[in-house]
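One structure is given here, and the rest of the page talks about it.
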Amino acid sequence: MGDLKLPGVGSGFPIQSFVDATVAGERAPKEKMFARRANDISVQLSSYGTLKGVLEEFKNSLKTLGDEEAFEKRSTSFSNSGFATATADKNAVAGSYTLVVKQLAEAHKVSTGSLDAEKKYGSGTLTLGVGEESFSVSIDKEKSTLAEMAEAINNAEDNKGVRATVVTDDTGSRLVFFSDKTGTENQISVSATGNADGDNGATLDVLGATTEVQAAKDALVTIDGALITSQSNEIENAIQGVTLDLKKVNDTSADSEKPATKLTIGYDKDTVETNLQEFVKSFNTVMATINQLTSYDPETERAGPLNGDGTARNLTSQIRRMLSEPIEGASAPVKSLTDLGITTKKDGKIELDDELLKKQIDENFSKIGQLFASEEGVSKKLDDMLESFVGKEGILTKRDTSLNEQMKKLNKEQADFALYIEKYEERVYKQFSGMDIMVAQLNQQLNSVVAAFESMPDFNGGKQ
């Protein structure tokens, strides 16, 4: 209350102490109940939140195994590195191929003679060709230095693939033109028509006189003795499903110290093995969390927050059943997780027989893909089951929503009770104040009576 509160005026009793004790007696049971309910809801929210978190992590771990591409990826390796790199898609057939890089593809490059980089060469037109295409660049008299002309060429909207730059050496500067594509089909040509209105009569015509700096070359590589010619150092499907990127010549006929390199294409078994190990690890995290939340210690008689919880029991039961049952559409000898060396322990966790897993990966790689990534595979079935718990309409998601609503309702009840207590305290204070006033009045009346009796004469004619 905001009003001034005083001790009992008439009675002398400590009214505020009486009020505080009465209000505390009214408040305490309800506040204990609120605290208990809030704690219960908070513990459940935290427990379900923890469980939901590990289930979502487990669900994510299934994606790598549920994707068919995980079992369609190919690995590539070279017996001698540095000569080429390779990537392979699912169409690549496992096998080995001998590569000899005889020649790298190179871009055509031509250059003007030595020129004055500061001079303006006047207006006119440059015509540049690349392969069978060409384009023209108009040069303004006031922007006709070598650098300005290079910029005009590079920024031309219809540029067909010719780049220009200024190279300066001890003899002077040159305007160098080069194709941005390699190969003999991308040779460049330069012609110039000037108006002879440059500095001291300089003309653009001098740019048309070029010499070859670098010849255009095709890439040449043999694969198991067969010659492949390519405009680019990136060669697609010379081997089915494989893209080669040539880096360096290793022609053994020219240099015995540059041996042929052997390209080996195989299944990406290491990645799948790692993904399976992560699957086991993630699953065991789920089971460890469930075991902790549902535990009971008979010695201390302490139970986990979800001990006896039906949702946790249901989840555990479904997971264990799915791990043990055969998968429709899977092929022998890999029809269940047990066939991969994954077995269940007493505490519900699983363990992995690494030797059996490696054996199955080496001998039955595609069948592991059927077990996990088929329409009725382990990943799909587990993912659907987990979605029923952690999805938007999942059991745990709805439980979270319900608990949060309960907490909001409880907070509202607490706020309402606080208002009730405030009013209750006012009423109690008024009651005790009223009692105090009545006591004061009674005391006054009693004092008056006593005074009256004291002032009465006694039977002997005197006052008492």
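The values are calculated or read from the model by the stated rules, or taken from the named source; none is laboratory data. None of these values were measured; they are calculated from a predicted model. A quick note on method: Cβ atoms are made from the backbone with ideal geometry, for glycine too, and the neighbour counts reach across all protein chains shown.
Which of the following residues is buried (at least 19 other Cβ atoms within 10 Å of the Cβ) and within 19 Å of Val100 (Cα to Cα): Val221, Val162? Matching residue, one of Val221, Val162: Val221. Might you let me know whether the stretch 124-136 holds any residue that is in contact with a helix residue (DSSP H, G or I) (Cβ under 6 Å, 6 or more places away or on another chain), at pLDDT 90 or above, assigned to a strand (DSSP E or B) and surrounded by 14 or more Cβ atoms within 10 Å (Cβ to Cβ)? Yes. One residue is enough: does the stretch 183-193 have a residue meeting the conditions in a loop (DSSP other than H, G, I, E, B), aliphatic (A, V, I, L, M) and in contact (Cβ under 8 Å) with a residue 60 or more places away in the chain? No, the stretch 183-193 has no match at all.
Would you say Glu118 is acidic (Asp, Glu) and part of a loop (DSSP other than H, G, I, E, B)? Yes, satisfied. All conditions in (1) modelled with pLDDT of 85 or more; (2) of a type in the set (A, V, I, L, M); (3) under 24 Å from the mean Cα position of the chain (by Cα) hold for Ile41, with the sole exception of (3).
Determine, yes or no, whether Asp218 is touching a strand residue (DSSP E or B) at 6+ places or on another chain (Cβ under 6 Å), touching a residue at least 24 places away in the same chain (Cβ under 8 Å) and at positive phi. No, not satisfied. Restricting attention to the stretch 339-349, the residues that are under 19 Å from Phe58 (Cβ atoms) and surrounded by 14 or more Cβ atoms within 10 Å (Cβ to Cβ) add up to 6.
Go over the candidates Lys120, Lys73, Lys109 one by one and state the one that is among the charged types (D, E, K, R), closer than 24 Å to Ile188 by Cβ and either in contact with a Pro (Cβ under 8 Å, 6 or more places away or on another chain) or surrounded by 13 or more Cβ atoms within 10 Å (Cβ to Cβ) (or both). One residue alone meets the criteria, Lys109.
The set of residues from the stretch 285-301 being exposed (fewer than 13 other Cβ atoms within 10 Å of the Cβ) and either outside the structural domain of Ser46 (by TED's automatic domain parsing) or not β-branched (Val, Ile, Thr) (or both) comprises Tyr296, Asp297, Pro298, Glu299, Glu301. Criterion applied to Ala216, Ala209 was being within 24 Å of Glu132 (Cα to Cα), among the hydrophobic types (A, V, I, L, M, F, W, C) and surrounded by 18 or more Cβ atoms within 10 Å (Cβ to Cβ), and the one residue passing it is Ala216.
Does Ala86 count as of a type outside the set (Asp, Glu) and part of a loop (DSSP other than H, G, I, E, B)? I'd like the intermediate steps shown before the answer.
Values: of a type outside the set (Asp, Glu): yes; part of a loop (DSSP other than H, G, I, E, B): no.
Spelling it out, it is not the case that Ala86 is of a type outside the set (Asp, Glu) and part of a loop (DSSP other than H, G, I, E, B).
Put simply, of Leu382, Leu352, Leu356, Leu371 the only residue that is without any contact (Cβ under 8 Å) to a residue 60 or more places away in the chain, under 17 Å from Ser61 (Cα atoms) and either hydrophobic (A, V, I, L, M, F, W, C) or not assigned by TED's automatic domain parsing to the domain that holds Asn291 (or both) is Leu371.
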